[in-house]
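The values are calculated or read from the model by the stated rules, or taken from the named source; none is laboratory data. Source: prediction; values computed, not measured. Note: ideal-geometry Cβ built from the backbone for every residue, glycine included; neighbour counts use all protein chains shown. Just the protein is used for accessible areas: all its heavy atoms, side chains included, with ligands, DNA and RNA removed. Shrake-Rupley method; radii C 1.70, N 1.55, O 1.52, S 1.80 Å.
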Amino acid sequence: STLINSTEGVLYAEIAALSDDGTNKYITINNGGLTDYLFFRYRSDNNFQVKLRSANTDKVNQTLTLSDNLDLNKIAFSYKEDEFKIFVNGLQIGNTITTGATSAANTLDRVDFSRYDGASNFIGKVKAVAVYKEALTDAQLQSLTTI
């Protein structure tokens with residue numbers, strides 16, 4: 001879709017897993033291939049992962065421990081050239097990553113409730129999912145994710 005900006009933006013979700021059942025659950029922005037994607041994933045080990053891959057290279061790969069995977073969490077990942085941030089429930093997680101490229105323009109073209117290749121469907125509660133075409137400020141990310 002032309003509504004997705006491959007070079008800058010935010011993936012936001014207010015989500016919860018239905019159970020800690022040892023399966024992977026994905027929400028992705030992708031191009032249907034293995035070279036360029038961004039995902040939120042409840043991992044099979046009950047951790048949460050945010051990953052950005054562009055031009056077949058991982059740029060961000062962050063594993064988080066949420067207070068409870070079964071509770072709704074507001075999660076935002078902001079990306080633009082040399083600036084990557086993760087906010088969860090109103091707080092920035094870790095430091096801003098200040099190096100790394102994003103995907104080329106018009107590369108990412110779909111949002112899926114599965115892995116980039118269609119496997120590992122998202123099975124959970126979804127209150128909201130949004131894709132912003134521009135990276136947001138820290139204040140905007142904090143406001144967006146505050147419970």
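Data table
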| quantity | calculated |
| --- | --- |
| Burial order of peptide ranges 124-133, 27-36 (average beta-carbon count within 10 Å, highest first) | 27-36, 124-133 |
| Cross-link table Lys51/Lys127; Lys59/Lys85; Lys85/Lys125; Lys59/Lys125, entries beyond 18 Å C-alpha to C-alpha | Lys51/Lys127; Lys85/Lys125; Lys59/Lys125 |
| Where labels lie 7 Å past Cα in the beta-carbon direction, separation of Asn106 and Ser143 in nm | 3.4 |
| Distance cut-off 18 Å, percentage of C-alpha pairs in region 95-141 lying past it | 55 |
| Magnitude of the charge dipole, the chain, Cβ model with Lys/Arg +1 and Asp/Glu -1, debye to 20 | 160 |
| Selection from Ser120, Ala105, Thr65 lying farthest towards where the dipole of the chain points positive, charges on Cβ | Ser120 |
| Virtual spin-label span in nm between Thr65 and Lys127, 7 Å along Cα→Cβ | 2.4 |
| Surface per residue (accessible, 1.4 Å probe) for region 44-142, Å² | 52 |
| Residue-averaged 222 nm ellipticity for the chain, from DSSP H runs of 4+ at -39500 (n - 2.57), nearest 500 | -1500 deg cm²/dmol |
| Protein accessible area in the chain, 1.4 Å probe - carbon and sulfur % | 45 |
